[in-house]
Every structure is written in structure tokens, then in C-alpha cells.
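The values are calculated or read from the model by the stated rules, or taken from the named source; none is laboratory data. None of the values given here were measured: they were computed from a predicted structure. When we count neighbours, we look across all protein chains shown, and the Cβ atoms used for this are built from the backbone with ideal geometry, even at glycine. Heads up: the accessible areas ignore ligands, DNA and RNA and are worked out on the full protein's heavy atoms, side chains in. Shrake-Rupley method; radii C 1.70, N 1.55, O 1.52, S 1.80 Å.
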Amino acid sequence: MRYILRRLGFYLAALAVAITINFFLPRLLPGDPAAVILGTSAAKLTPENLRAVREALGLSDAPLIQQYGLYLAHLFRGDFGISYTYFPTPVTKVIANGFVWTLLLGSVSLVLSFALGNLIGIYGSWRRGGLVDTVFPPLLIFIGSFPAFFLALGLLYAFGVKLDWLPISHAYNNRLPQGFNLPFLLSVLEHMVLPATTSVLLGIGGWALGMRNVMVSVLADDYVTMAEAKGLKQIRIMFVYAARNALLPGVTGFGIALGAILSGQVLIETVFSYPGLGFLLINSVNGRDYPLMQGLFMMITIGILAANFLVDILYTWLDPRVRTG
Amino acid sequence: MSNSDSRPRPALKLPGANALGTLLGSPKAQLGFVIVLVFILAAVFAAALAPGDPKKYVGKPNQPPSAQFLLGTNPQGKDVFRQLVWGSRLSLLIGFGSAVLMTLIAVVVGMVAGFYRGVVDDVLNFVMNLFLVIPGLPLLVLLSAYLKPGTVTIIFALAITGWAFNGRIIRAQTMSLREKDFVAAAVVSGEPGLSIIFVHILPNMVNIIVGGFIGAVTYGIMASTGLAFLGLANTADVTWGTNLFWAQNGGALMIGAWWAFLPSGLAVALVAFGLALINYGMDEITNPRLIAERNIQSVLRQARLPRMRATPVVPHEH
């Protein structure tokens with residue numbers, strides 16, 4: 001419990017720092033940030049809109065500390081201002097839409113690469129020097145060496161353009177009515193294949209190699225030899241005895257992997273025009289949509305902090321040593 | 001060493017020489033080193049290898065590879081081979097430059113935190129964990145939206161977002177080395193803390209620092225290429241990332257001009273792969289677990305036993 005509270009304290013402090021970074025970033029702009037930020041799209045905005053955006057970013061003529069206070073007040077009300085590119089939709093609404101798609105794509109690819117990677121790792125360590133163990137590690141390292149967007153473009157070209165098997169952009173078929181009906185869900189699945197495959201290809205190597213190396217040392221432990229001496233089935237020793245303990249370091253990596261997946265996903269979403277947070281982020285940067293940009297960075301950070309906190313709780317539950325430590 | 005005495009002799013070795021030995025001691029690492037070296041040489045001798053301005057319009061856009069244009073032309077009618085060779089200069093400069101900066105910050109922060117412990121460690125460790133959880137690429141994207149794009153800007157932005165991984169590893173290693181007798185001896189003899197850190201502890205973790213540096217180069221090249229592809233770098237520069245940006249911008253893939261894409265993407269992948277090979281090769285030599293693993297493998301091979309069980313049993317011959 002004390003461990004959990006300490007972690008919670010850390011994440012709250014991290015959140016405070018992220019909020020502060022977010023506040024100061026626009027002030028890195030050369031000249032008057034308000035003029036630059038508001039100038040690009042000022043024509044579209046009514047005076048009320050202008051004031052709302054100014055306040056949400058804390059950009060005013062008041063002293064810095066007052067600006068910061070104003071910015072905090074708006075932040076805690078969940079008010080990030082109005083998006084320029086999706087005018088006049090509030091930033092929070094734009095983000096909420098993108099969040100669903102990023103969460104869907106991210107969780108599917110993370111679960112798939114975690115499961116497949118660990119299975120390859122377990123199998124490889126079991127038949128060390130076998131086919132899986134000699135072919136997969138270098139192959140996966142090589143595939144993982146490609147930039148995320150390059151792999152995405154390759155898959156898009158091969159399966160989307162040349163073979164024309166799969167859709168190359170967006171997350172669902174626009175012509176279908178949205179909702180929980182089979183054609184729509186199938187179109188969502190179909191649109192997810194290419195981006196998810198890219199993400200899995202990039203992520204799987206790390207899990208497989210990590211699992212293999214931990215398994216190698218776990219297999220040398222006495223309790224595994226003991227289980228073997230008792231004459232237990234190989235498959236039972238592998239999964240119930242060795243793999244269960246070898247998974248533990250991987251769980252710590254889960255939190256960091258979340259961040260990595262999200263970063264890779266920015267590029268993958270952009271290539272496939274998949275309407276998640278990453279795609280929105282790049283769009284907002286290209287459209288100089290500062291309120292949306294700021295809101296997105298805040299939301300992505302909060303998401304990662306929350307996910308890390310969940311991993312910490314999961315870890316306490318899995319490893320009793322942490323609870324007392 | 002003479003043939004008559006093949007026993008290993010304890011010799012006084014410089015830590016630097018030792019690190020170079022482990023760096024090149026395995027075939028994997030050698031292969032990786034050759035790959036990376038090829039690209040470094042290409043960058044140095046770009047003017048001789050691909051003479052001419054890579055930004056110049058040389059002929060009809062999207063021409064396939066030919067004797068005149070080795071790798072064809074891109075959608076803007078520029079020579080792809082020149083772009084590939086000249087692009088290695090800035091791409092490698094950004095990768096290695098940001099890695100030097102990242103490693104410097106990681107070494108100083110990690111070692112000071114690990115050595116002093118207490119309040120200093122609490123503060124520095126908090127800062128490291130903070131940089132680990134704040135999403136790197138989104139922050140980079142934001143930074144490049146607000147700052148004027150340029151080589152120096154990108155190097156600093158990469159360093160700020162990427163140093164913490166190595167910092168944490170170096171801190172952990174410093175904490176364990178701090179418990180060793182030679183450090184205790186230095187403390188007792190009254191040496192100042194900073195001199196203990198950099199004169200006594202640092203030489204003993206050259207391997208970890210070099211490994212971290214190699215990882216940092218990969219991060220620097222990958223992240224800067226991604227940013228450039230998104231159009232967030234200075235698109236007037238010639239780097240592997242901007243080459244890919246222009247190819248994508250001109251719709252090269254949609255018209256099937258794969259030659260505008262493949263060279264620069266493959267170059268990034270090969271450099272990253274080469275660097276990964278060096279790191280894995282080094283790990284094979286320095287990680288006792290992997291050494292033991294290799295020994296088991298050779299025993300099994302001699303006994304002609306397929307590795308099928310959790311605990312292999314070698315039949316004893318009487």
C-alpha cells in the first residue's frame with residue numbers, strides 16, 4: 001500500500017511537470033506567442049472564440065504567474081479551447097474521438113505482440129539452437145531496425161496498392177452506418193490489419209528476445225531441475241514453472257512499451273491516416289492548430305502516466321516482494 | 001604470446017583497450033562494425049563517391065535506375081544516389097551528435113545520483129523517471145513545431161528526450177560498484193567524491209557506457225528520420241529522413257517509383273541493424289549468462305543431443 005501511494009505521488013508530480021512544460025512550450029515561439037498562435041487562424045474566429053483560446057492557453061498580458069493560474073483553472077475544468085482545424089469543435093471533443101481509435105489500435109497491437117513475442121521467446125529457449133531460436137532473433141532484430149513509417153509504407157504499397165487486398169487509409173468504411181452492426185465492425189477490423197501488423201512486427205522482437213534471455217536463466221534454476229527430476233510433463237514445466245516467473249521482468253517493460261507503442265503509432269497512424277491521437281497530433285502541427293496540439297500532448301501524457309500506474313498496481317499483485325519493499 | 005606458454009597471463013590492461021577488445025571480439029559485432037563503417041566512409045567521401053549537388057534537378061522525374069542515374073530519379077527530378085550518399089552526412093551527424101550529448105548527460109546524472117544517494121539521488125532519480133514517462137516522440141513533435149527546425153535544434157531536442165534510459169542503467173551500475181572495496185579504499189583515503197566517480201568508477205563501466213551510446217545513436221537516427229518524414233525538420237537539408245519526405249510528398253509509391261523510397265529507408269535500417277549487432281555481440285562477450293549458455297550449447301553439440309528438455313541429460317560413457 002505504501003508502495004502504491006509512493007508511485008501515485010510520483011505520477012502526480014510528473015503530471016504537474018508535464019502541465020508546466022505544456023504551459024511554457026508556446027512561449028518558446030519567437031516573438032509574441034499570442035500573435036503567432038492566434039494570427040494564423042484569427043480570420044475564422046469570433047472575438048469570443050479568440051478570448052476563449054487565449055484563456056485556455058493562458059496567453060494574456062497579465063504577469064506570468066497570473067497567466068499560469070488562469071491556464072490551470074481552465075485545465076481543471078477540462079477546457080482546452082477550440083480547435084482551429086476542426087472549427088468550431090472544442091478540443092476535448094476532437095481528442096475524445098481520436099482517443100477511442102488510438103486505444104483500440106494500441107491495445108490490439110500491444111496484446112498481440114506481447115503474446116506472440118513471448119511465445120516465440122519461450123519456444124526458442126525450449127529448443128535452443130533449433131530453427132525458431134536461430135532464425136527468429138536476427139530476423140526480428142532486422143525488421144525492428146526499419147523506421148516505423150517505412151515499414152508501414154512498405155506494407156501499404158504491397159498489400160494495399162499492388163495486391164489491393166486491404167484498405168490503405170482511415171479506420172472504417174464511411175458509407176456504412178456507425179454502430180454495433182456486423183458490416184461496420186468488419187470494416188473496422190479490415191482497416192486495422194495493416195496498421196496493427198506494422199506495430200506488431202516492430203514490437204515483437206523486443207518481447208521475444210527479452211523473454212528468451214530471461215527463460216535461459218530461469219531454466220538453470222534448481223526448482224526447474226527439481227520439476228524435471230519429478231518427471232513432470234515438459235509443457236507443464238515450461239509454462240507453469242519457468243515461463244510464469246520469466247514473465248515478471250516483461251511486465252515492468254509493459255509500461256515503457258506503452259510509451260514506445262504510442263510513439264511508433266504516431267508515425268503509423270499518419271501513414272495510414274488512422275484517425276487516432278497521433279494522426280491528430282501531426283495534423284494539428286501541420287495546420288498550426290496550437291490549442292489542439294497542446295491538448296493532445298496533455299492527453300497523451302496523462303494516458304501514459306495512468307497506464308504506468310496501472311502496471312505498477314499489477315506488478316504489486318504479481319510480485320509479493322514489491323509490497324514489503 | 002609465445003607458443004610454449006598458452007595459459008592466460010594476468011596483464012595490466014587499459015580499460016579503453018579492453019573495451020575495444022569486447023567491441024570487436026565477436027563475429028556478430030565485427031559484421032555490425034563493417035556495416036556501420038561503410039556508411040561512415042560514404043559520408044566522409046561523399047564528394048568523391050557521388051560528385052555533384054544532391055539538391056540539383058538532373059532530369060525527368062521518377063526515372064527508374066539506369067546507367068546514367070544509378071538509383072533513378074525522385075519525384076522532384078533529383079538523383080537518388082546522390083541524395084542517399086550525401087544524406088548519410090547529416091543523418092549520421094545528427095545520430096552521433098545527439099548520442100554524444102545524451103551519453104554525457106546520462107553519465108553525469110546517473111553516476112552522481114548513484115554515488116551520492118540520499119537527497120541528491122532522490123532528486124536526480126525523480127528527474128530521470130520523469131523523462132522516462134513523458135512520451136518522447138510527441139514531445140519532440142511539439143518541440144519541433146515551436147522551435148525553428150535545424151540540425152543543432154534537433155540534436156538538442158533528441159538529447160533532452162532520450163538521455164534518461166541510459167541514465168537509469170548507469171545509476172544502477174554505479175550503485176553496485178560503489179559497494180566495492182576499491183571505492184571504499186578511495187573514500188577512506190579522503191579522495192573527493194567527484195574524483196572517485198570519474199577516476200575510479202567510470203573506467204569500470206566503459207562497456208555499459210559504450211553499449212548505451214550505441215543505443216543512443218540508433219535512437220537519434222530513427223527519431224530524426226521519423227521527424228523529417230513528418231515534415232518537421234528543415235526540408236531544405238538533405239538527410240535520409242527528408243529524402244523520404246520528398247519521395248512521399250511527390251507520391252512516389254503511388255506511381256510505383258519504389259527506387260525513390262528504398263535506398264534511404266534501407267540505409268537507416270542497415271545502420272540500425274549494424275549498431276544492434278555490435279551491441280548484441282558485446283553482450284555475448286561480457287554477459288556471463290550468455291557465456292554459460294554458449295558452453296552448454298557446445299557440450300550438447302558434442303554429445304549430439306538435441307536441446308528438447310528443460311534440463312538436458314548427457315549420458316555418461318563408461
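Once B binds A, the 1.4 Å probe can no longer reach about 4900 Å² of accessible area, counting both sides.
Computed from backbone phi with θ = phi - 60° and the Karplus coefficients 6.51, -1.76 and 1.60, the 3J(HN,Hα) list for the stretch B:223-238 is 5, 5, 5, x, 4, 5, 4, 6, x, 9, 9, 6, 6, 7, 6, 9 Hz; x is used for glycine and proline.
Relative to the longest principal axis of the Cα atoms of chain A, the long axis of helix A:277-286 makes an angle of roughly 40 degrees.
If the chain linking residue B:234 and residue B:122 were pulled fully straight, counting 0.36 nm for each residue of separation and taking away their Cα-Cα distance, it would gain 36.4 nm. Here the label points at residue A:85 and residue B:68, each 7 Å from Cα along the C-beta direction, are separated by 4.0 nm in the simple model. The HN-Hα couplings worked out from phi for the stretch B:129-143 by the Karplus form 6.51 cos²θ - 1.76 cosθ + 1.60 (θ = phi - 60°) are 4, 4, 5, 6, 8, 6, x, x, 5, x, 5, 4, 4, 5, 4 Hz, whole numbers, x standing for Gly and Pro.
How long is the gain from residue A:302 to residue A:189 if the chain were fully straight, where each residue apart is worth 0.36 nm and the alpha carbon distance is subtracted?
Values: separation 113, 0.36 × 113 = 40.68 nm, distance 2.72 nm.
The span from residue A:302 to residue A:189 would gain 38.0 nm if fully extended.
Relative contact order of chain B, please, whole-number percent, based on alpha carbon pairs below 8 angstrom and at least 6 residues apart. Intermediate results must be reported in sequence, preceding the final value.
Details: 419 pairs, mean separation 87.1, N = 318.
Relative contact order here is 27 percent.
Applying the Karplus relation 6.51 cos²θ - 1.76 cosθ + 1.60 with θ = phi - 60° to the stretch A:146-152 yields 3J(HN,Hα) values of 6, x, 3, 5, 5, 4, 4 Hz, where x marks Gly and Pro.
Anisotropy class assigned to chain B is oblate, per the alpha carbon gyration tensor with a/c at or over the 1.5 cut-off and a/b no larger than b/c.
Using a simple spin-label model with pseudo-atoms 7 Å out from Cα toward Cβ, residue B:294 and residue A:76 lie 6.0 nm apart. Report the FRET efficiency, 1/(1 + (r/R0)^6), for residue A:158 and residue B:204, where r is their Cβ-Cβ distance and R0 is 51 Å, rounded to 0.05. Plugging the Cβ-Cβ distance into 1/(1 + (r/R0)^6) gives 0.55.
Mean separation of Cα pairs under 8 Å and 6+ residues apart, divided by the residue count of chain A: what relative contact order is that in percent? Please report the intermediate quantities before stating the final value.
On the way: 358 pairs, mean separation 83.9, N = 325.
Relative CO of chain A lands at 26 percent.
In this structure, the amide hydrogen of residue A:82, modeled 1.01 Å from its nitrogen in the peptide plane, lies closer than 5 angstrom to those of A:53, A:91, counting only residues at least 5 positions away or on a different chain. Proximity of backbone amide H atoms, modeled 1.01 Å from N, is registered between residue A:274 and A:170 at under 5 Å, excluding neighbours fewer than 5 places apart on the same chain.
What is the angle, in °, between the Cα long axis of helix B:27-44 and the longest principal axis of the Cα atoms in chain B? Nearest 10 is fine, range 0 to 90. Between the helix axis and the principal axis of chain B, the angle is about 40 degrees. With r defined as the distance between the Cβ atoms of residue A:286 and residue B:34 and R0 fixed at 41 Å, what FRET efficiency is calculated, to the nearest 0.05? After rounding to 0.05, the efficiency reads 0.55. Rounded to the nearest 10 degrees, the inclination of helix B:240-249 to the longest alpha-carbon principal axis of chain B is 40 degrees.
Show that you can apply the helix-only estimate: for the protein assembly as shown, add -39,500 (n - 2.57) for every DSSP H stretch of four or more residues, divide by all residues, and state [θ] at 222 nm to the nearest 500.
Working: 26 runs with 433 residues, N = 643.
The helix contribution divided over the protein assembly as shown gives -22500 deg cm²/dmol.
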